[in-house]
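Shown next, in structure tokens, is the structure this report addresses.
The values are calculated or read from the model by the stated rules, or taken from the named source; none is laboratory data. The structure displayed is predicted, hence computed values, not measured ones. Because the Cβ atoms are built from the backbone with ideal geometry, glycine has one as well, and the counts that use them run over all protein chains shown. Protein only, heavy atoms only, side chains kept; ligands, DNA and RNA dropped before computing areas. Shrake-Rupley method; radii C 1.70, N 1.55, O 1.52, S 1.80 Å.
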Amino acid sequence: MGLFDFLKKEKPAEKKWFNIYSPLNGKVIALSEVPDEAFASKMIGDGCAIEPYEGSVFSPVAAEINIFETNHAVSFEVENEIEMIVHFGIDTVNLNGNGFKRIAESGSKVKIGEELVKYEIDFIKENAKSIITPVIINNMDLVEELKVMANGDVKAGDLLMRVKIKK
């Protein structure tokens with residue numbers, strides 16, 4: 001630190017990019033292709049969707065989680081105040097938890113890639129409107145820019161989206 005460093009203007013803080021990783025194995029699709037108007041029109045938030053293959057839902061971020069009573073959706077509260085949801089399928093709430101097995105505890109803090117919920121894809125395909133799974137940021141007012149980085153097939157843990165946070 002030099003004697004006259006206090007005279008130098010501080011550079012504005014660089015906007016922070018935040019990574020969101022794929023919570024499932026599957027095929028990335030546009031949110032507009034989700035067969036539910038609330039998701040497709042971005043009323044709930046912005047992001048993308050995944051048409052899943054067999055497996056489990058994993059944490060796409062390090063966060064405190066809330067697993068819905070019926071295990072069909074998980075919400076995430078990240079330290080940087082981003083709030084997001086992974087909503088497995090469409091109208092899966094009507095399955096009352098059938099086809100899903102909770103692995104993690106609601107209210108716990110999880111790391112990226114931690115297994116949260118196992119699902120029986122064949123059962124869900126037969127009994128729900130769709131298995132397409134939106135991955136949504138709910139509080140887009142905190143987001144300056146969102147980029148979907150993946151396309152085509154992804155594995156759980158692959159980079160899915162990057163978010164530039166307003167500050």
Between the alpha-carbon centers of region 35-85 and region 100-130, tell me the distance in whole angstrom. 11
Whole-Hz ³J(HN,Hα) from phi, Karplus 6.51 cos²θ - 1.76 cosθ + 1.60, for region 93-100, glycine and proline x: 4, 5, 7, 6, x, 5, x, 10
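Using R₀ = 22 Å, calculate the FRET efficiency as 1/(1 + (r/R₀)^6) where r is the Cβ-Cβ separation of Lys42 and Lys101; round to 0.05. Could the numbers behind the result be given before it?
Details: r = 30 Å, r/R0 = 1.38.
FRET efficiency, Lys42 to Lys101: 0.15.
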Could you calculate the contour length gain from Tyr53 to Phe123, that is, 0.36 nm times the residue separation minus the distance between their Cα atoms, to one decimal place in nm? 23.9 nm
Among the listed pairs Lys118/Lys167; Lys111/Lys166; Lys101/Lys164; Lys109/Lys147, which are separated by more than 28 Å between their Cα atoms? Lys118/Lys167; Lys101/Lys164
Go ahead and collect, in residue order, the members of region 86-125 whose backbone nitrogen is under 16 Å from a label point 7 Å along the Cα-Cβ direction of Met149. 112-113
Net charge of neighbours whose Cβ lies under 10 Å from the Cβ of Phe76, counting Lys and Arg as +1 and Asp and Glu as -1: -3
Using the Kirkwood radius over C-alpha pairs as Rh, can you work out the diffusion coefficient of region 116-159 via Stokes-Einstein at 25 °C, viscosity 0.890 mPa s, in µm² per second? 180
Output the antiparallel fraction of DSSP beta bridges having both residues in the chain, as a percent to the nearest 5. 100
Ignoring ligands, DNA and RNA, what percent of the 1.4 Å accessible area of the chain is carbon and sulfur? 48
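Working from the alpha-carbon coordinates of the chain, get Rg over Rh, Rh being the Kirkwood radius. Show your work: numbers first, answer last.
Values: Rg = 17.9 Å, Rh = 16.5 Å.
Here the Rg-to-Rh quotient is 1.08.
What whole-number value in Å² describes the accessible area per residue of region 55-117 for a 1.4 Å probe? It would help to have the intermediate numbers written out before the result.
On the way: 2950 Å² over 63 residues.
Averaged over the residues of region 55-117, the accessible area is 47 Å².
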Check Asp158: other-chain or 5+ apart residues with amide H under 5 Å from its amide H, H built from backbone geometry? Ser22
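Any idea what the dipole of the chain comes to, in debye rounded to 20, about its Cα centre with Lys/Arg Cβ at +1 and Asp/Glu Cβ at -1? If you can, show how the numbers build up before the last one.
Values: 20 positive and 27 negative charges, 135 e Å.
The dipole of the chain has a size of about 640 debye.
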